[in-house]
Amino acid sequence: MKAYLVGGAVRDELLGRASGDRDWVVVGATPAEMVEAGYEPVGRDFPVFLHPQTHEEYALARTERKTAPGYRGFVVHAAPEVTLEEDLARRDLTINAMARDEHGALVDPHGGQRDLAAKVLRHVSPAFAEDPVRILRLARFAARLPGFTVAPETLALMRGMVEAGEADALVAERVWQELSRGLMEARPSRMFEVLRECGALARLLPEVDRLWGVPQRAEYHPEVDTGVHLMMVLDMAARLQADLAVRFACLGHDLGKGTTPADVLPRHIGHEMRSRKLVRALCERWKVPTDCRELAEAVAQEHGNVHRSGELNAPALLRLLERCDALRRPQRFDELLLACECDARGRLGKEDEPYPQRERLAAALRAALSVDTAPVAEAAAARGLPGPAIGEAVRAARVAAIAAAV
């Protein structure tokens with residue numbers, strides 16, 4: 001029985017990067033022998049075990065055979081006679097198909113070290129085409145390693161997979177899993193650029209794909225193209241270290257511009273509500289978590305009003321806060337403001353400009369929340385005012401507080 005460190009840990013070590021989980025492949029063992037040695041079985045689809053001391057994952061060497069369309073259509077064979085080279089051959093990219101033995105020697109049968117040096121993402125074998133999730137995984141690695149290019153033959157293979165309908169077999173859970181991870185990488189734009197290059201973006205996220213080639217008013221968007229702008233916004237979100245909900249909201253904020261009638265371009269009147277409707281449909285299709293969906297809908301609807309908030313007086317500012325549910329959910333409102341800042345700074349030549357709207361609205365919310373509403377309501381009730389009038393008295397107190405603060 002021999003154990004080899006494999007995959008991401010080896011790749012990251014060669015890149016000089018800190019690695020997260022360390023995965024191992026075991027050659028020459030049976031499940032019974034692993035249990036007898038103290039390993040805890042945890043694998044559901046194939047034999048995976050936790051080390052008794054380190055709790056790192058140890059998987060028995062295995063091969064896979066395609067038996068049906070989609071990413072689930074595989075038969076897995078794990079047995080003592082399966083070699084390390086056979087196990088590595090089933091992996092997706094050459095840079096992920098390396099191992100180190102117990103003495104630290106590198107096992108690299110597919111040229112992963114060479115491709116790391118050349119900064120190339122290349123498939124290991126034609127078996128790459130058997131699993132459509134690999135399209136998303138490769139795009140995610142392009143976002144993690146933005147200096148890397150996709151090998152031409154790999155891109156051609158991915159295009160063939162899309163044309164064959166393999167991307168259509170992807171289920172919502174896997175799409176969201178890879179999409180959300182890619183959004184959190186160093187340069188999220190690269191994921192969408194690769195998906196667009198191979199045709200998968202049009203199949204999975206047509207609302208996003210149709211934004212390229214849609215013009216915007218140059219006085220507000222020097223980059224003009226809506227798709228280019230969206231990629232700049234996503235990368236600004238990464239630069240500002242935004243969380244997943246904010247990055248997803250950035251992805252959806254301008255979807256409505258892809259449905260603007262051609263005769264009114266480059267103006268996009270009413271795109272905010274169209275964006276919200278498209279965001280909602282996208283979230284239902286890919287089972288996006290509620291927190292991401294709700295923030296994305298709010299940003300889609302209100303980002304234009306936030307941008308123009310410097311022109312709003314105190315009553316209008318309070319109405320904006322109320323529409324955004326800021327009084328009840330101040331943390332989410334802060335996330336909404338960050339997404340709007342990413343939108344404002346995700347424009348050609350605007351990357352380092354200040355965004356005073358964020359602080360002004362944050363100050364307005366602090367002022368509104370500082371009002372002790374109970375005495376205001378009690379005083380109004382003591383004057384015999386009915387319920388709606390009591391509410392208006394509370395609103396008036398908040399408006400006064402906002403006016404004094406901003």
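Just a few scattered comments:
- Taken across segment 217-231, residues that are among the hydroxyl-bearing types (Ser, Thr, Tyr), out of contact with any His (no Cβ under 6 Å at 6 or more places or on another chain) and within 28 Å of Gly160 (Cβ to Cβ) do not occur at all.
- Evaluating Leu170 against the criteria (1) modelled with pLDDT of 95 or more; (2) closer than 17 Å to Leu282 by Cα; (3) buried (at least 19 other Cβ atoms within 10 Å of the Cβ); (4) not acidic (Asp, Glu) leaves one unmet condition, (1).
- Answer from Arg395, Arg347 - the residue that is in the same structural domain as Asp254 (by TED's automatic domain parsing) and either touching a Pro at 6+ places or on another chain (Cβ under 9 Å) or of a type in the set (Val, Ile, Thr) (or both): Arg347
- Of all residues making up segment 277-303, the number that are more than 17 Å from the chain's Cα centre (by Cα), charged (D, E, K, R) and closer than 20 Å to Leu338 by Cβ: 1
- Leading residue by the ranking (nearest to Phe248 (Cα to Cα)) among those in segment 314-346 that are without any contact (Cβ under 8 Å) to a residue 24 or more places away in the chain and in a loop (DSSP other than H, G, I, E, B): Arg329
- Total residues in segment 117-136, condition in contact (Cβ under 8 Å) with a residue 24 or more places away in the chain, surrounded by fewer than 19 Cβ atoms within 10 Å (Cβ to Cβ) and in a helix (DSSP H, G or I): 3
- Tabulated pairs, segment 247-272, first free of Cβ contacts under 8 Å to residues at least 40 places away in the same chain, second of a type in the set (S, T, N, Q) and surrounded by fewer than 22 Cβ atoms within 10 Å (Cβ to Cβ), C-beta under 9 angstrom, 6+ apart or interchain: Ile269/Thr260; Gly270/Thr260; His271/Thr259; His271/Thr260; Glu272/Gln301; Glu272/Asn305
- Residue satisfying condition, being of a type in the set (Asp, Glu), closer than 24 Å to Ala202 by Cα and part of a loop (DSSP other than H, G, I, E, B), within set Glu185, Glu178, Glu102: Glu185
- One residue from Arg319, Arg347 being loosely packed, with under 15 Cβ neighbours inside 10 Å and either among the aromatic types (Phe, Trp, Tyr) or at pLDDT 95 or above (or both): Arg319
- Of the candidates Glu193, Glu223, Glu197, the single residue that is under 17 Å from the mean Cα position of the chain (by Cα) and acidic (Asp, Glu) is Glu193.
- Residues in segment 19-62 that are modelled with pLDDT of 90 or more, surrounded by 12 or more Cβ atoms within 10 Å (Cβ to Cβ) and small (Gly, Ala, Ser): 5 in all.
- Per the listing Ala139, Ala151, Ala186, Ala127, the residue uniquely under 25 Å from Arg17 (Cα atoms), in contact with a strand residue (DSSP E or B) (Cβ under 8 Å, 6 or more places away or on another chain) and not assigned by TED's automatic domain parsing to the domain that holds Glu85 is Ala151.
The values are calculated or read from the model by the stated rules, or taken from the named source; none is laboratory data. Quick caveat: nothing in here was measured; it's all calculated off a predicted structure. Reconstructed Cβ throughout: ideal geometry from the backbone, glycine too, with neighbour counts over all protein chains shown.
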